[in-house]
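Have a look at the structure below, then the notes.
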Amino acid sequence: MSDTPLVLAVPSKGRLQENAARFFSRAGLEVVQSRGARDYRGRLAGVPGVEVAFLSASDIVAQLASGGAHLGVTGEDLVREEIHDAEEAVELLTPLGFGHANVVVAAPQAWIDVRTMADLDDVAADMRVRHGRKMRVATKYINLTRQFFAGHGIADYRIVESLGATEGAPATGAAEIIVDITTTGATLAANALKVLDDGIILRSEANLVASLRAPWSETARAAARTILTRIAAEEEARTMRELTARVGALDAALEREIIDGHGGRLPFGGPDERGLLTVHCPADRVFALAALLTDNGAEPVTVRALDYVFRASNALSERLFTRLG
Ligand SMILES: Nc1ncnc2c1ncn2[C@@H]1O[C@H](COP(=O)(O)OP(=O)(O)OP(=O)(O)O)[C@@H](O)[C@H]1O
Ligand SMILES: O=P(O)(O)OC[C@H]1O[C@H](OP(=O)(O)OP(=O)(O)O)[C@H](O)[C@@H]1O
Ligand SMILES: [Mg+2]
């Protein structure tokens, strides 16, 4: 038990596969498939105690919920839909900036009077009273649909489970409206459907997710610490820039302006013995901060991107280990 390995679940197909692979490789986590591409287990080069499981995005959710995987990359839509007690079962450690998609309620464009969920409620009541049948909603997001419709006080409807090509359901007569995921909107448009104004159920993206039910052995914890440290180091480096400037002295007013005015940090403290000051700041503050420094007599100011910023502790590890206790 104390040496149970950490199982890291990685998308092996579908929309998330490529971006997930790029995400791990940027963080210096090289996934090695042990024996040829048909082997669905692998490891992480140089990180002991890790077993990589290659699974579909929805299988990853199932493994995280049951504790068959410790960490995984998957869509928040699937976590919310498929884990009824998501708050207890998993911890969403961080959104990853890819796999963006909205789960939406969409109706035929031809329903020109229907723009909102309230309008939809009227249609549903009308169908029920006048035709004696319930409005049908085609979807694979059954739980998200039920919660969202209940939240809008809509009860006169029936779900028609759809496992693919959901957008086609209104045209074929299988349902009146749909709930599905969309990114560009191209599939909805091609099927003459429109998203209701207040019909966005969830704005989803890929997340790094931890299972709270997996066997968190000492080995698994140590591996998680290594993995999360690298991910956090890469994330901080990617979002920050490093400015170096000869400032001579650093007065309190300038220091306050760097930190409070521009979200800067002084990772190594004040200027060194040569008067060189190192500042880290969010990428979008670089020009303003460079101007501030030159206005204060610093010359020259150089700026560079970083590969990693390693720290003894990071938000990801803290969130995980706080939840694990
Ligand atoms: N345009 C999109 N359409 C669908 N999913 C998307 C889109 N963009 C990002 N995603 C994310 O990708 C996840 C997995 O979708 P995808 O259909 O690619 O998986 P899959 O491996 O094909 O699995 P399945 O066989 O169950 O469909 C979605 O749940 C969602 O979080
Ligand atoms: O808004 P868009 O950019 O057009 O993307 C949305 C479409 O993409 C997904 O299907 P996918 O291609 O994953 O096929 P699937 O239904 O077989 O999973 C989703 O189910 C939508 O149909
Ligand atoms: Mg798919």
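Every number here is computed from the coordinates shown, using simple stated rules; none is lab data. Please read these numbers as outputs of a predicted model, since none were measured by experiment. Backbone-built Cβ (ideal geometry, glycine too); neighbour counts: all protein chains shown.
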field: Fluctuation leader among Leu276, Leu78, Leu92 - the chain, Gaussian network, Cα springs under 10 angstrom
entry: Leu276
- prompt: Could you give the distance between the Cα centres of segment 25-98 and segment 200-233, to the whole Å?
  reply: 8
statement: segment 90-130, Kirkwood Rh and Cα Rg, ratio Rg/Rh at 1.26
message: For segment 78-145, which trypsin sites (Lys or Arg not before Pro) pass both filters: DSSP loop (anything but H, G, I, E, B) and at most 11 other C-beta atoms within 10 Å?
response: Arg133
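Pairwise over distinct Cα atoms, reciprocal of the mean inverse distance: report the Kirkwood radius of segment 239-305 in Å, one decimal place.
11.4
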query: When the helix-only estimate is applied to the chain (DSSP H runs of n ≥ 4, each -39,500 (n - 2.57), divided by the residue count), what is the mean residue ellipticity at 222 nm, nearest 500 deg cm²/dmol?
result: -9500 deg cm²/dmol
field: Distance histogram in 20 Å bins (all Cα pairs of the chain, percent per bin)
entry: 27, 41, 28, 4, 0
- request: Calculate the length of the line joining the C-alpha centroid of segment 115-182 to that of segment 252-306, in whole Å.
  value: 55
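Restricting the count to DSSP beta bridges whose residues both fall in the chain, what percent are antiparallel, rounded to a multiple of 5?
Among the beta bridges of the chain, antiparallel pairing accounts for roughly 70 percent.
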field: Cβ charges +1 (Lys, Arg) and -1 (Asp, Glu), total dipole of segment 198-325, debye
entry: 620
field: Dmax and Rg, reported as Rg then Dmax, of segment 1-132 (C-alpha, Å)
entry: 20.6, 67
message: Run through segment 183-288 and list the chymotrypsin sites (Phe, Trp or Tyr not before Pro) located in a DSSP loop whose Cβ has at most 12 other Cβ atoms within 10 Å.
response: Phe268
- prompt: Is segment 101-203 rounded, prolate or oblate when judged by the Cα gyration tensor, a ≥ b ≥ c being the square roots of its eigenvalues, rounded requiring a/c under 1.5 and prolate requiring a/b larger than b/c?
  reply: rounded
- prompt: Mind checking which aspartates and glutamates have their C-alpha under 18 Å from Lys194, skipping anything on the same chain fewer than 8 residues away?
  reply: Asp113, Asp119, Asp121, Asp122, Glu167, Glu176, Asp180
- line: Neighbour-count ranking for Thr172, Thr187 (other C-beta within 10 angstrom, fewest to most) reads Thr172, Thr187
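Trypsin sites (Lys or Arg not before Pro) within segment 221-325: which are DSSP loop residues with at most 14 other Cβ atoms inside 10 Å?
Those that pass, being in a loop and sparsely packed, are Arg274, Arg311.
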